[in-house]
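**Student:** The structure under discussion is supplied below as structure tokens; questions concerning it will follow.
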Amino acid sequence: MPELENDELLRDLNDAQRKAVTYGDGPLLIVAGAGTGKTTTLARRVAWLIRQGADPGRVLLLTFTRRAAVEMLRRADGYLAVAGDSHAAAAVWGGTFHAVAVRLLRRFGSSIGLPSGFTILDRGDSEDLLGVVRADLGLADAKNRFPSKSLCAEIYGRVVNSQKPLDKVLEETFPAQRAHTLDLKALFKGYTARKEAEHLLDYDDLLLFWETLLADSAGEGLRSLFSHVLVDEYQDTNRLQAAILKRLRPDGTGLTVVGDDAQAIYAFRAATVRNILDFPQDYPNSAIIALEDNYRSTQPILTLANAVIAAAVERHEKTLRAVRAGGLPPTLVRCEDEGEQAKQVVSQVVRQHREGVPFRQQAVLFRAAHHSLAVELELNRREIPFVKYGGLKFLETAHVKDLLAFLRFAENPRDSLAADRVLSLLPGVGRKTSQTLVERLRETGFAWQTAWQDYKPGTSAREHWPRLLDLLGEIAGPPDDRIPPAEQVRLARLFYAPLLAGRYDHAAVRMQDLEQIELLAAGYPDRAGFLSDLTLDPPASTRRGPEALDDDDDSLVLSTIHSAKGLEFVAVHVLSAVEGSIPSDFSDGSPEALDEERRLFYVALTRAKDSLFLYHPLRYSLSRPSRGGAYGLAPLTRFLTLDIQRHLRVLSAGAEPSPALTTGDVRRRIGQMWE
């Protein structure tokens, strides 16, 4: 199609990308291998649809981070501008599943009896509320070994997002908790009722209510809002998200999903690879277009990655091909133990740095956070700067949760968790007093002015109480006469400052976090939107993500493989490519679980652009706590079979790389089994 080749929107795309961008309105699955230009393709498809006459205000783009949606729409606008069209992409509905759900529920939730003034619980708040209900039901007694509030939240979320009955979820994923089935049902029923009474929704509710809204009589009107729905990272969706898409686009018309089944690594969050594998069955008239030209890695790295993923039990067929020429084979570094592994990793990192690769363009990846401890010690010893991801987010730190409790209570006085947190900050106000004041709040119809006007605090809280009431009066005014969110944060921060200093260490550092919240709030016209966005997409409290490191921050990146997904580095060092780590010995050993571990290994391999090092400590600490920190022989990961090892060069500690696997290596491996 010569006319398409000359189109500014399509000119520098390869054939598969061009075909995906210009595909018609039928259901489309774009299987985008690692490094194949997924973001470019999806952003250009958005621009193409608008160019072909789609109303941008009826285009829905669903991503897994707000940042991804902003970046794609920015690119789409740029492509339209280059092609001579107006900047129309700004009207596109772009955001995460949860953010779009909030927007729709605020607007249409009343049709199913949902008050528009609901507030959103983050994961920590959900756990706390479950803990309160758990205690009210008498289930918190340690003698009955009832699951913790965090485990209860995990079970609850798995039931909602997998769309499976509690009994089945317990049998498949939490067998040790089956004895508590009836009590868990009572807990979840009480938790649901408590949220209903207090106008609260948790993360899982947002999707559940959206799906319910689509099934309601208002569903047809909601569907008509969108002519096209595009979904990024489809392999990371759960059953509930797939059900939402099915209700939005029942026959698949106008539906485009992009993903890579080989990078489906979030089963622990209830994501299911079945969604992308079964897409052709769910939408029988769908087309599948595979993107296989890789713009990231050299061919030797891709040859290894292709060989590893080819052994998956079930997958969409594709073979990654390097666009760039050249490259050395990946290196397997054999070490005596984890201490020697740490020294070898740091030595290789320093060698790469001397050869011109900045620390920030190198990553040390590992299966679990504790696997990097020896490397961290060695980096500190040699004074090499590094950052480790991911850390606590704003909403997971106590001082930030304290500050936001003031705003959450002002937004929704029914929120008993927020009320309890605010009251408990005052000196001398203990659990019993706080509960009494919260109960007064309920009795007066959640009118805090009436409920608390006659309360006489003790000596410790006496100076703070009138100031608290004044603060709430200033920030909880009627919507038409409400001060801006940033000013609300400032007032709450000033009230909270002396309380923070008396509760936590490093108060000055913590106050800097709260000042950052004030800066964030300055970009919002209303408090509800600010609280929703901050809950659904919280920023890091102290450091940026590895994708944001700049030329002035030359720090080596240490990251779990899960946290590194979507990123790329010139050099990648994968720790402990051994049984018990990759695959994890916490895996249940089922074919499905092993395939997920294989995909996780594949994700690690495909982060590398030029250099890839895999480390094999021959002696390795056994990871289960019950083993008491013992060491054992560490066989190389089963994902690197003898046939696959032909694609590696081998380096033993203190030696130069050998060109390939030799029979001597095999004999030594067999011999080590009897040591």
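**Student:** Looking at this structure, is PHE495 out of contact with any Phe, Trp or Tyr (no Cβ under 7 Å at 6 or more places or on another chain) and part of a helix (DSSP H, G or I)?
**Tutor:** In short, yes.
**Student:** Going through VAL70, VAL132 one at a time, which residue ends up being surrounded by fewer than 23 Cβ atoms within 10 Å (Cβ to Cβ), of a type in the set (A, V, I, L, M), at negative phi and not assigned by TED's automatic domain parsing to the domain that holds ARG178? Talk me through it step by step, then tell me what you get.
**Tutor:** Working: VAL132 fails: not assigned by TED's automatic domain parsing to the domain that holds ARG178.
VAL70 is the lone residue from the list that is surrounded by fewer than 23 Cβ atoms within 10 Å (Cβ to Cβ), of a type in the set (A, V, I, L, M), at negative phi and not assigned by TED's automatic domain parsing to the domain that holds ARG178.
**Student:** State whether the residues of region 203-217 include one that is at pLDDT below 95, among the polar types (S, T, N, Q) and touching a strand residue (DSSP E or B) at 6+ places or on another chain (Cβ under 6 Å).
**Tutor:** There is no residue in region 203-217 that is at pLDDT below 95, among the polar types (S, T, N, Q) and touching a strand residue (DSSP E or B) at 6+ places or on another chain (Cβ under 6 Å).
**Student:** Is it true that some residue in region 384-397 is surrounded by fewer than 13 Cβ atoms within 10 Å (Cβ to Cβ) and not aliphatic (A, V, I, L, M)?
**Tutor:** yes
**Student:** Something else about it: Check THR459 against each of (1) of a type outside the set (A, V, I, L, M, F, W, C); (2) loosely packed, with under 15 Cβ neighbours inside 10 Å; (3) part of a helix (DSSP H, G or I) and name the one condition it does not meet.
**Tutor:** Here THR459 clears every test but (3).
**Student:** In this structure, does ARG45 turn out to be assigned by TED's automatic domain parsing to the domain that holds PHE226, assigned to a helix (DSSP H, G or I) and over 19 Å from GLU568 (Cα atoms)?
**Tutor:** Yes.
**Student:** Return the only residue of LEU230, LEU240, LEU245 being in contact with a Ser or Thr (Cβ under 9 Å, 6 or more places away or on another chain) and part of a strand (DSSP E or B).
**Tutor:** Within the list LEU230, LEU240, LEU245, the selection yields LEU230.
**Student:** Separate question: Collect the residues in region 122-146 that are modelled with pLDDT of 90 or more and not in a helix (DSSP H, G or I), keeping them in residue-number order.
**Tutor:** Matches in region 122-146: LEU137, GLY138, LEU139, PHE146.
**Student:** Is it the case that some residue within region 576-584 is under 19 Å from LEU648 (Cβ atoms), crowded, with 18+ Cβ neighbours inside 10 Å, of a type in the set (Val, Ile, Thr) and at pLDDT 95 or above?
**Tutor:** There is no residue in region 576-584 that is under 19 Å from LEU648 (Cβ atoms), crowded, with 18+ Cβ neighbours inside 10 Å, of a type in the set (Val, Ile, Thr) and at pLDDT 95 or above.
**Student:** Would you check which residues across region 335-358 are crowded, with 21+ Cβ neighbours inside 10 Å and over 32 Å from the mean Cα position of the chain (by Cα) and list them?
**Tutor:** If the condition is that a residue be crowded, with 21+ Cβ neighbours inside 10 Å and over 32 Å from the mean Cα position of the chain (by Cα), then CYS335 is the only one that fits.
**Student:** Taking the options ILE288, ILE265, name whichever one is at pLDDT below 95 and among the hydrophobic types (A, V, I, L, M, F, W, C).
**Tutor:** The conditions single out ILE265.
**Student:** Which helices (runs of 4 or more DSSP H) sit wholly inside region 306-419 and have at least 1 residues that are β-branched (Val, Ile, Thr) and closer than 30 Å to ARG482 by Cα?
**Tutor:** Because the criterion is at least 1 residues that are β-branched (Val, Ile, Thr) and closer than 30 Å to ARG482 by Cα, the helices (runs of 4 or more DSSP H) in region 306-419 that meet it are 398-411.
To keep it simple, each residue is scored yes or no on (1) within 17 Å of ASP402 (Cα to Cα); (2) in contact (Cβ under 8 Å) with a residue 24 or more places away in the chain.
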{"residue": "GLU443", "(1), (2)": "no, no"}
{"residue": "TRP452", "(1), (2)": "no, no"}
{"residue": "LEU468", "(1), (2)": "yes, yes"}
{"residue": "LEU472", "(1), (2)": "yes, yes"}
{"residue": "ARG482", "(1), (2)": "no, yes"}
{"residue": "GLN488", "(1), (2)": "yes, yes"}
{"residue": "LEU491", "(1), (2)": "yes, no"}
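**Student:** Would you mind stating whether VAL21 is farther than 25 Å from GLY221 by Cα, crowded, with 16+ Cβ neighbours inside 10 Å and either among the acidic types (Asp, Glu) or in contact (Cβ under 8 Å) with a residue 40 or more places away in the chain (or both)?
**Tutor:** In short, no.
**Student:** Among the residues of region 156-179, how many are part of a helix (DSSP H, G or I) and without any contact (Cβ under 8 Å) to a residue 40 or more places away in the chain?
**Tutor:** So the count comes out to 14.
**Student:** Of all residues in region 585-611, which are aromatic (Phe, Trp, Tyr) and surrounded by fewer than 18 Cβ atoms within 10 Å (Cβ to Cβ)?
**Tutor:** Once the filter is applied, which keeps residues that are aromatic (Phe, Trp, Tyr) and surrounded by fewer than 18 Cβ atoms within 10 Å (Cβ to Cβ), region 585-611 yields only PHE586.
**Student:** Output the qualifying pairs, or none if there are none: Cβ atoms under 8 angstrom, residues six or more apart or on different chains, first residue in region 110-124 and farther than 28 Å from ALA398 by Cα and free of Cβ contacts under 8 Å to residues at least 12 places away in the same chain, second residue assigned to a loop (DSSP other than H, G, I, E, B) and not aliphatic (A, V, I, L, M).
**Tutor:** As it stands, the answer is SER110/SER116, since those pairs meet every condition given.
**Student:** Another question, then. Please give the number of the condition ALA322 fails out of (1) farther than 26 Å from PHE386 by Cα; (2) modelled with pLDDT under 95; (3) surrounded by 15 or more Cβ atoms within 10 Å (Cβ to Cβ).
**Tutor:** (2)
**Student:** Looking at region 288-308, can you tell me whether even one residue there is among the hydroxyl-bearing types (Ser, Thr, Tyr), buried (at least 23 other Cβ atoms within 10 Å of the Cβ) and within 26 Å of the chain's Cα centre (by Cα)?
**Tutor:** Yes.
**Student:** Sticking with this one: Inside region 325-334, can you point out the residues that are in contact (Cβ under 8 Å) with a residue 60 or more places away in the chain and surrounded by fewer than 16 Cβ atoms within 10 Å (Cβ to Cβ)?
**Tutor:** Step one: list which residues in region 325-334 are in contact (Cβ under 8 Å) with a residue 60 or more places away in the chain, which gives 327-334.
The answer is LEU328, and nothing else.
**Student:** Would you be able to say whether some residue in region 655-667 is part of a loop (DSSP other than H, G, I, E, B) and modelled with pLDDT of 65 or more?
**Tutor:** no
**Student:** Picking from ARG510, ARG544, which residue would you name as being surrounded by fewer than 20 Cβ atoms within 10 Å (Cβ to Cβ) and either modelled with pLDDT under 90 or part of a helix (DSSP H, G or I) (or both)?
**Tutor:** On the way: ARG510 fails: surrounded by fewer than 20 Cβ atoms within 10 Å (Cβ to Cβ).
Exactly one of ARG510, ARG544 is surrounded by fewer than 20 Cβ atoms within 10 Å (Cβ to Cβ) and either modelled with pLDDT under 90 or part of a helix (DSSP H, G or I) (or both), namely ARG544.
**Student:** Can you find a residue that is of a type in the set (S, T, N, Q) and without any contact (Cβ under 8 Å) to a residue 40 or more places away in the chain anywhere in region 548-561?
**Tutor:** So far as region 548-561 goes, no, none of its residues is of a type in the set (S, T, N, Q) and without any contact (Cβ under 8 Å) to a residue 40 or more places away in the chain.
**Student:** A follow-up question, please. For the list (1) more than 22 Å from ARG66 (Cα to Cα); (2) not assigned by TED's automatic domain parsing to the domain that holds GLY327, I need the number of the one condition that GLU211 fails.
**Tutor:** All conditions are met except number (1).
The values are calculated or read from the model by the stated rules, or taken from the named source; none is laboratory data. All figures in this text were calculated on a predicted structure; none of them were measured in a lab. In this analysis, Cβ positions are derived from the backbone assuming ideal geometry, glycine residues included, and neighbour counts consider all displayed protein chains.
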